[in-house]
Each structure stands twice: as structure tokens, then as C-alpha cells.
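Read-outs throughout are calculated quantities, based only on the coordinates presented, and are distinct from any laboratory measurement. In this text the structure is predicted, and so the values were computed from the model without any measurement.
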Amino acid sequence: MAGELPTLSEILKEDDRYPLDAYEFVYEAIEYAKRKLARGKAASRRIRHITPAQLVEGVRDLALEKFGFLATLVLSRWHIYTSSDVGEIIGNLVRTGDVELGPGESVEDFHGLCDYRQELTQRFRIAVTSVDRL
């Protein structure tokens, strides 16, 4: 029927850049970011929308929480290297009708916000100040 939205499985067939696990993780990161924002707010107030920047931060924080120092490796296996990749995934989810961008927001708003390889790697640098000889 004309005008029907594609399903996620149809999107995955036509755009195979990101595996299903990447989409599931981004969904989880959306909910994670909403819960994080809701902390400190009235319990009855549910966060309905997050900005691209808040989602990008949620992806980073959830990856660190779930995968620790392996976060970069896991995201790389899903082909998520930068915030632009998150934007592309969101763009596909918008096409399926599973998520909506806010007024005036676009997939381009995700570009340049975060390089996960750099951001996640910096969190686990070990500084060595001195090394004793054996």
C-alpha cells in the first residue's frame, strides 16, 4: 500500500551499514538518556524528547557503563564511530516511524558532536609517572 512506512527489517536490507545490534543499542541509549535526564525531576514528569546532543552523550555514557574499556571495540563492531553514525541510525528509525526528531531537528544535527573512538579511549588512559627498574 502506498504511503506505508518501511519496517526496520526492510531498512536493514537496503542499508546494511549498521547491524541490528546497533539499532537496539541506540534504542536503549534513548531510554537511558531519558532516565538520566529525569533524575532530579518530579517523579511524575516523564521525559518525552531528548536532543541530538543528549542522545550522543547517552550513547557514550551507556557504552561506558555496559562495556567499560571495551566500549570502543563494541561500538566499532557495530560501525558506530562518531555521532554522525548515531544520526544515520536515527534517520533510518525516523523513516520507520519508530522515533521522531523534534521541531527544527535533523540528522545533520548529530554531525561533529562526538568521535567515540577518541572520547572513549581518553577515558581509559593510564598515566605512568615513574617506572622503577627491576
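Once C-alpha pairs closer than 8 Å and six or more residues apart are averaged by separation and normalised to the residue number of the chain, the relative contact order reads 28 percent. Angle check, please: helix 52-67 long axis (alpha carbons) against the longest principal axis of the chain (alpha carbons), in degrees 0 to 90, nearest 10. Approximately 50 degrees, to the nearest 10. Against the main long axis of the alpha-carbon atoms of the chain, helix 20-38 sits at an angle near 80°.
The phi torsions of the range 84-94, fed into the Karplus equation with coefficients 6.51, -1.76 and 1.60 and a -60° offset, translate into couplings of 4, 5, 4, x, 5, 5, 4, x, 5, 5, 5 Hz, rounded to whole numbers, with Gly and Pro shown as x. According to the Cα-based calculation, Rg over Rh for the chain is 1.07, with Rh computed by the Kirkwood formula. The base-10 log of I(q)/I(0) for the range 3-79, evaluated at q = 0.12 Å⁻¹, reads -0.43 [Debye formula, identical scatterers on Cα atoms, solvent excluded].
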